[in-house]
Amino acid sequence: MPELIITFLVGVFSSILSGMAGGGGGLISAPFFILLGLPPQVAVATTKFGALGLTLGSLAKFRKTEHIRKEYVIYLSVLSIIAAVIGSRLLLLSSNEAIEKLVGVMMLVALPFVFIKNIGLVRLQPNPLKKGAGYALYFVILILQAAFGAGVGMTLMIVMMGFMGFTALEANATRRIPGFLLAGTALLIYMFSGVVYYGHGLAILVGMIVGGYIGTHIAIKQGNAFVKTIFAIVVAVLGINLLFS
């Protein structure tokens, strides 16, 4: 029981971070599960419970705002379901360490784009070529998110802001429904494959619902500049951690 309470609290803390920055909580929850003795594949798969909780908590707050760009939700949701099927198979067949290093490189390479003046602060109008490249990158990153999860949401935020013209809050909000479908589809596949740990998964799900709501409330209240600043700090710290841990 104490272990489940700690798992719940880890879920709350990590999802407050994710709710504010748009991602990164998985880099707390996945290592925590490994520390408890779960194999890496099982740890990553079990964090999908938390991803479901995070999206539910965030959506409960975002649904009352105008930050969700509904015209993108269907397209991104379809890409998420397809990517979940591919990415979940990738986790079951590949080296998690290799994916971890790749994500770290991606985050640090993309970080300078965050500091371009208007990105993430105002809604931009990208040309069709740039938007198409954004969709392609979004799909590839979704596959990695299904396979690894931890920290990958940060690179999705960069693509949505830099290539598709979203503000930081719009990117955070709009990707929550597709994120729920991604996590749900991947979790079902992992459940059928027998690589999830249900007790801790349910504890972190509840914790992340609570933390996701709190973190999103803080993000909405503070605005795009706050979210972008927290986002940049988290990307830098987690990218370095992934490369050198």
(request) Pick out, from segment 1-95, the helices (runs of 4 or more DSSP H) lying fully within it that include 3 or more residues that are in contact with a Gly (Cβ under 7 Å, 6 or more places away or on another chain). (result) 2-21, 26-35, 40-62
(message) Quick check on segment 32-52. Is at least one of its residues at pLDDT 80 or above, among the small types (Gly, Ala, Ser) and under 15 Å from Gly215 (Cβ atoms)?
(response) yes
(message) Report every pair of residues separated by at least 6 positions or lying on different chains whose Cβ atoms are under 6 Å apart, first residue within segment 59-82 and within 25 Å of Tyr213 (Cβ to Cβ), second part of a loop (DSSP other than H, G, I, E, B).
(response) Phe62/Ile68
(message) Residue under question is Ala147, and the condition is that it be in contact with a helix residue (DSSP H, G or I) (Cβ under 8 Å, 6 or more places away or on another chain), farther than 26 Å from Phe192 by Cβ and either of a type in the set (Ser, Thr, Tyr) or at pLDDT below 85 (or both); does it hold?
(response) no
(message) I'd like the full set of residues that are surrounded by fewer than 24 Cβ atoms within 10 Å (Cβ to Cβ), farther than 16 Å from Val44 by Cβ and among the polar types (S, T, N, Q), limited to segment 168-186.
(response) Thr174
(request) Considering every residue within segment 164-178, establish whether at least one is over 18 Å from the mean Cα position of the chain (by Cα) and modelled with pLDDT of 90 or more. (result) no
(message) Can you confirm whether Met157 is in contact with a Lys or Arg (Cβ under 9 Å, 6 or more places away or on another chain) and either at pLDDT below 75 or buried (at least 20 other Cβ atoms within 10 Å of the Cβ) (or both)?
(response) yes
(message) Looking at Pro39, Pro2, Pro31, can you tell me which residue is surrounded by fewer than 24 Cβ atoms within 10 Å (Cβ to Cβ), over 22 Å from Asn172 (Cα atoms), of a type outside the set (Val, Ile, Thr) and under 17 Å from the mean Cα position of the chain (by Cα)?
(response) Pro31
(request) Scan segment 121-143 and report the pairs whose first residue is modelled with pLDDT of 85 or more and whose second residue is surrounded by fewer than 15 Cβ atoms within 10 Å (Cβ to Cβ) and of a type in the set (D, E, K, R), with Cβ atoms within less than 6 Å and a gap of 6+ or a chain change. (result) none
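The values are calculated or read from the model by the stated rules, or taken from the named source; none is laboratory data. Remember, it's a predicted structure, so these values are computed and weren't measured experimentally. Glycine also receives a Cβ, built like all others from the backbone with ideal geometry; neighbour counts cover every protein chain displayed.
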